[in-house]
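Contents: one structure, followed by commentary.
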Amino acid sequence: MALSYQDLDGDGYRDLISTNRASDSTSILLGRGDGSFQPAGHYAVGKVPTAMGIEDFDHDGLPDIVTANSGSDDVSILLSGKAVIPSISLSAEDIRFSSDADAPARRTHQLTVANVGLGSLSIDKIVLEGSRAFSIERDSCAGATLMTGKFCALPIHFESTAPGRHQALLRIFDNAPGGPRIVTLSGTVKG
């Protein structure tokens, strides 16, 4: 394994780059500026990457990655900048459930998580905090890696017999800059 510590995306924070011999990939963990890193993005390279170099091959002012791959007797070049950075899109950032009838209330809303960037989007985990009236059914997002243009779905379920307003937060931890994503959930049951 080879490691490097450089600012790949030009945000002023150093990023961690490693080669992964077992998975024939390079991992990039974007720095947050406080000594911690965002979840890793994984990028395919040749077989058994054993060495790595950092240089600005495309002269855009940002360092790029080159790996020497002993298993395939070749090199791979990953150009940095926005070309390898995923971007996440959510179908909603505020989901409101309401019940027109008295308790119990049961509703489901499907939240779509999409990769609209050019790098692979790795969703590390999804955390639901707050009222127990909310739940996630059939989570296909946590642990998923989404290539450009791909999406996953999170059916958010609201069910309560208690009258009043219920609130929760859904946090999505991923490797796109600016995370975690936060979706506010609220539900009202007539009493």
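The values are calculated or read from the model by the stated rules, or taken from the named source; none is laboratory data. Fair warning: this is a prediction, and the values are worked out from it, not measured in the lab. Heads up, the Cβs are rebuilt from the backbone with ideal geometry, glycines too, and the neighbour counts pull from every protein chain shown.
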Output for Cβ contacts, cut-off 8 Å, separation at least six or different chains, first residue under 27 Å from ALA40 (Cβ atoms) and not assigned by TED's automatic domain parsing to the domain that holds THR112 in segment 134-161, second among the hydrophobic types (A, V, I, L, M, F, W, C) and at pLDDT 90 or above, reads none
Counting only strands (runs of 3 or more DSSP E) wholly inside segment 14-65, the ones holding at least 3 residues that are surrounded by fewer than 17 Cβ atoms within 10 Å (Cβ to Cβ) are 49-55
Matching residues in segment 104-121 (touching a Leu at 6+ places or on another chain (Cβ under 8 Å) and either in a strand (DSSP E or B) or under 17 Å from ARG171 (Cβ atoms) (or both)) number 7
Reported set for segment 139-169 where residues are over 22 Å from PRO39 (Cβ atoms), in a loop (DSSP other than H, G, I, E, B) and of a type outside the set (A, V, I, L, M, F, W, C) is THR161, PRO163
Of (1) under 22 Å from the mean Cα position of the chain (by Cα); (2) within 21 Å of ILE182 (Cβ to Cβ), SER27 fails just (2)
Within segment 36-76, residues farther than 16 Å from SER23 by Cβ and either of a type in the set (Phe, Trp, Tyr) or in the same structural domain as GLY119 (by TED's automatic domain parsing) (or both) come out as PHE37, PHE57
